[in-house]
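For reference, the structure is listed below as structure tokens.
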Amino acid sequence: MTGLLAEVGKKFAERWLTLLVLPGALYLCALAAARHLDGFAFGPLSDRVSALTAPRDDASALLRLIVFAVLAAAAGLAATAVGSLAERLWLAEDWQSWPRPLRRLALLRVLARRRLWDDAHGAETALRQRYLLGRIPGGTPSEVTDLDLELALREVLAVAQERPARPTWMGDRIHAVVTRFQRECGLDLPSVWPHLWIALPEQVRTEIKEARDAVGRAAVLAGWGVLYTAAAVLWWPAALLVVGLFVTARQRGRRAVEAYALLLEAATRLHSPELARSLGLDHSGPLDARTGRAMTLLVQGQAHLIPLTVGWPGPRQESTQPLT
């Protein structure tokens, strides 16, 4: 037990040093340098470095080192906290419960994204119909090419894979998985997921965790971008660094969210039939509408309603009416 605790403590110290202290130390150095820089004149900074490296007594040097480490860790914690806020804004899972001003802005954003998606989807659908009509034997040839269809589809996917329900692309990318299962088989994934997570193999859970952690790391990078804004205020060339951090964080975040959503969908499709059998449902083959609804009712504590699902119509399509 002592060896285990020592190993856990060692790993914790390594992560604390890597994720908090070192990035925080770099930030403090950048902030201190920005205070003594005037454009690209590095003379004042050189004088300041010479003053700091002058010989001092051991007690004073140790005290400065401790204070510097504490401040670096505090900066790392601040970046993590800001990153958590950025992640919440990126995914916008609970945007309808945000404070009223933010909720109003998020609603306007959702409506605008829905209009963009409706226009792009309508154009892509019309283009695909023309393409298919042109391929009917004896029909009038169409000038629509495969490249035209691909470009039109990209216009749709640039907004969202499904009709937008959240104010951000990242949020809608994950919500598209939920929407797809609800439409295909009546499965309410947020309700079923905790049960499915327990039933997943360890390797699958590890991969999903890593993808989810990648989203968090990208958000923390955005948090550092916010903190480095202070350096940009003191020294304007640092604004290039801030822009670079934000752009990199956004690109990493989108890639991480895409990977996370793909893993969520793949794990649900592969292992939800096994979960259905583990819950005592008589099912074989891919998940169908009746089993999906039954699983949803069962995990929601409404198993007594399962017999009423026999003969239900297909899953209700998502409403196309705008939010109010």
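Yes or no, residue by residue, for (1) surrounded by 15 or more Cβ atoms within 10 Å (Cβ to Cβ); (2) in contact with a strand residue (DSSP E or B) (Cβ under 7 Å, 6 or more places away or on another chain); (3) in the same structural domain as Arg254 (by TED's automatic domain parsing); (4) under 26 Å from Gly171 (Cα atoms):
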| position | (1), (2), (3), (4) |
| --- | --- |
| Trp117 | yes, no, no, yes |
| Leu127 | yes, no, no, no |
| Leu132 | no, no, no, no |
| Leu147 | no, no, no, no |
| Leu151 | no, no, no, yes |
Of the candidates Arg113, Arg109, Arg104, the one satisfying the condition of being part of a helix (DSSP H, G or I), surrounded by fewer than 18 Cβ atoms within 10 Å (Cβ to Cβ) and under 19 Å from the mean Cα position of the chain (by Cα) is Arg109
Restricting attention to the stretch 221-240, does a residue exist that is within 30 Å of Ser272 (Cα to Cα) and either within 19 Å of the chain's Cα centre (by Cα) or surrounded by 20 or more Cβ atoms within 10 Å (Cβ to Cβ) (or both)?
no
So which residues in the stretch 213-242 are touching an Asp or Glu at 6+ places or on another chain (Cβ under 9 Å) and outside any helix (DSSP H, G or I), if there are any at all?
Trp235
Applying the selection to the stretch 154-189, what residues are assigned by TED's automatic domain parsing to the domain that holds Ser272, in a helix (DSSP H, G or I) and more than 16 Å from the chain's Cα centre (by Cα)?
Thr179, Arg180, Phe181, Gln182, Arg183, Glu184, Cys185, Leu189
Odd one out for Ala211 among (1) under 12 Å from the mean Cα position of the chain (by Cα); (2) surrounded by 15 or more Cβ atoms within 10 Å (Cβ to Cβ); (3) of a type outside the set (Val, Ile, Thr); (4) closer than 13 Å to Gly83 by Cα:
(4)
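The values are calculated or read from the model by the stated rules, or taken from the named source; none is laboratory data. All figures in this text were calculated on a predicted structure; none of them were measured in a lab. Glycine gets a Cβ as well: all are built from the backbone with ideal geometry, and neighbour counts include every protein chain shown.
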